[in-house]
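The next block holds one structure in the form of structure tokens; read it before the comments.
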Amino acid sequence: MSGRTLGCRACGAAQEGTSLRSRCECGGLLELRGSIGTERPGAEWKKLFAERRLSSTGPNASGVWRYRELVYPEAAPSAIVTFPEGNTPLLHREALNRFAGLGELLFKHEGQNPTGSFKDRGMTVGATHAARLGVGAVACASTGNTAASMAAYAAQAGLTAVVLVPEGRIALGKLAQTVAYGAKILAVRGDFDACLRLVDEGGQALGLYLLNSINPFRLEGQKAIVLELLDQLGWNPPDWIVLPAGNLGNLSAFGRALSEARALGLIDRLPRLAAIQAAGAAPFAKSFADGFATRHRVDAETVATAIRIGDPASYERAVESIRLTNGVVTTATDAEILEAKAAIDRAGVGCEPASAASLAGVRRLVREGTIAPTERAVAVLTGHLLKDPEILLKDRSALPITEVDATLSAVAAALE
Ligand code: F0G
């Protein structure tokens with residue numbers, strides 16, 4: 001068993017690895033400390049992961065727990081709370097290569113996780129940790145995906161789930177999913193950032209274990225997006241990994257995964273990370289533009305509800321990921337996001353709006369000359385097409401729907 005501890009990024013203070021806190025006394029975020037995976041050389045890990053991929057039951061069937069020694073070695077395999085999750089495809093569509101202006105572009109479709117987003121990767125670890133510590137209730141702030149995912153894993157682990165959502169600003173399907181899994185839902189009169197502040201500052205006093213992405217165990221699970229995609233590429237890293245960025249949990253987890261994968265000899269070079277924000281919710285892009293001299297906060301507004309976040313919680317660790325990988329941060333307008341989404345949908349892939357920011361971002365970076373047309377990129381699609389369907393259905397006159405009488409002649413006439 002690994003003896004990892006939790007350490008504060010801000011002041012360095014250490015806590016037991018079994019602490020229920022996400023923050024230190026000083027307010028800094030906690031992260032897991034201590035080496036993992038050093039018991040084998042990289043080549044042996046690759047062999048073991050490949051063998052485990054043949055399993056169809058138990059933790060090895062999960063695209064997170066197959067890599068468990070690099071994610072959460074403290075969990076006993078019999079105590080793991082898993083769907084299973086992960087095992088998401090790497091997709092190639094010629095039409096989208098043309099859209100982006102890139103010869104080799106792949107899509108890691110995290111919307112194909114069991115509850116419809118990448119959140120399941122972190123929640124399986126967060127819920128396993130919560131169950132291991134014996135907590136009774138878990139909580140999160142959410143615009144939809146986190147809520148549905150947490151509710152599902154809480155149901156599996158027998159935990160009470162409490163969800164804070166911005167009132168009137170959660171997608172209906174996601175709300176329905178959260179209700180179905182049995183969560184208690186508080187509709188807060190405020191935005192996502194206000195919801196997160198409430199659970200972050202007050203959750204512990206109310207006996208709630210926080211499962212937003214500031215939770216260090218969730219981030220360990222999200223590392224598996226990168227581990228799995230590298231594995232699918234035969235551990236031959238792409239030149240770029242491109243992802244939508246809101247609260248910056250993924251960006252933090254990706255940097256950590258890449259740095260660990262290189263240290264273990266799983267890869268011999270680091271891909272560059274490109275984080276894409278919606279132009280109306282781009283505090284991190286603003287900080288990148290001034291060399292991270294200032295941490296910005298904005299009032300966020302964008303059609304991409306999943307990244308409508310004005311005060312990203314994982315700012316510091318995300319800065320580290322960009323610096324480590326010589327990464328970039330850029331923006332995409334709502335119009336560009338919707339155009340990219342239409343292209344992804346029409347290619348038969350489909351995703352929710354925030355995910356499409358990654359393709360819009362690739363196109364922008366290729367046009368600007370930051371990504372060369374000959375480079376190889378993997379864009380991460382973080383969520384399923386069926387989040388935020390209102391965007392597709394808003395303009396009813398533009399829908400390909402014709403109402404007809406229940407007669408063959410009416411059907412034939414409509415198809416003329
Ligand atoms: N993509 C999707 C589909 C999301 O649901 C989220 C976050 C993000 C990207 C942003 O990822 O925070 O790691 O930068 N959704 C949160 C939620 C807000 O409540 O489901 P990040």
Those residues of the range 172-211 which are away from the ligand (no atom under 16 Å from the Cβ) and either polar (S, T, N, Q) or touching a His at 6+ places or on another chain (Cβ under 9 Å) (or both) amount to Gln204, Tyr209
Name the residue that is farthest from Ala205 (Cα to Cα), counting only residues in the range 107-145 that are open to solvent by 20 Å² or more (accessible area, probe 1.4 Å) and outside any loop (DSSP other than H, G, I, E, B). Gln112
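Filtering the range 48-60 down to residues that are open to solvent by 10 Å² or more (accessible area, probe 1.4 Å) and hydrophobic (A, V, I, L, M, F, W, C), which residue is modelled with the lowest pLDDT?
As a first pass, look at the range 48-60 and keep what is open to solvent by 10 Å² or more (accessible area, probe 1.4 Å): 48, 50-60.
Still in the list and also hydrophobic (A, V, I, L, M, F, W, C): 48, 50, 54.
Details: Leu48: 98, Ala50: 98, Leu54: 95.
Per the stated criteria, the residue is Leu54.
Would you please name the residue that is nearest to Leu186 (Cα to Cα), looking only at residues in the range 131-145 that are more than 8 Å from the ligand (Cβ to nearest atom) and in contact with a helix residue (DSSP H, G or I) (Cβ under 7 Å, 6 or more places away or on another chain)? Let's see the steps before the verdict.
Taking the range 131-145 first, the residues more than 8 Å from the ligand (Cβ to nearest atom) are 131-139.
If we keep only those that are in contact with a helix residue (DSSP H, G or I) (Cβ under 7 Å, 6 or more places away or on another chain) too, we end up with 131-132, 138-139.
Working: Ala131: 23, Arg132: 26, Val138: 14, Ala139: 11 Å.
Within the range 131-145, the match that is nearest to Leu186 (Cα to Cα) is Ala139.
Per-residue answers, yes or no, for (1) farther than 23 Å from Asn326 by Cβ; (2) open to solvent by less than 10 Å² (accessible area, probe 1.4 Å); (3) in a helix (DSSP H, G or I):
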| site | (1), (2), (3) |
| --- | --- |
| Asp200 | yes, no, yes |
| Ala205 | yes, no, yes |
| Asn212 | yes, yes, no |
| Phe217 | yes, yes, yes |
| Val226 | no, yes, yes |
| Pro237 | no, yes, no |
| Ile241 | no, yes, no |
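Table: residues versus (1) within 21 Å of the chain's Cα centre (by Cα); (2) among the acidic types (Asp, Glu); (3) within 16 Å of the ligand (Cβ to nearest atom); (4) open to solvent by less than 60 Å² (accessible area, probe 1.4 Å).
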| residue | (1), (2), (3), (4) |
| --- | --- |
| Asp311 | yes, yes, yes, yes |
| Glu320 | yes, yes, yes, no |
| Gly327 | yes, no, yes, yes |
| Thr333 | yes, no, no, yes |
| Ile344 | yes, no, yes, yes |
| Thr374 | no, no, no, no |
| Asp388 | yes, yes, yes, yes |
| Ser409 | no, no, no, no |
| Ala412 | no, no, no, yes |
Tell me, which residue of the range 146-160 that is open to solvent by less than 10 Å² (accessible area, probe 1.4 Å) and not hydroxyl-bearing (Ser, Thr, Tyr) is farthest from the ligand (Cβ to nearest atom)? Ala154
Scanning the range 16-47 residue by residue, those hydroxyl-bearing (Ser, Thr, Tyr) and open to solvent by 20 Å² or more (accessible area, probe 1.4 Å) turn out to be Thr18, Ser35, Thr38
Among the numbered criteria (1) closer than 25 Å to Ala340 by Cβ; (2) out of contact with any Gly (no Cβ under 6 Å at 6 or more places or on another chain); (3) part of a loop (DSSP other than H, G, I, E, B), which one does Val298 miss? (2)
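The values are calculated or read from the model by the stated rules, or taken from the named source; none is laboratory data. The structure displayed is predicted, hence computed values, not measured ones. Ideal geometry is used to build each Cβ from the backbone, glycine not excepted, and the neighbour counts take in all protein chains shown. We work out accessible area using only protein heavy atoms, side chains counted, and drop any ligands, DNA or RNA first. Shrake-Rupley method; radii C 1.70, N 1.55, O 1.52, S 1.80 Å.
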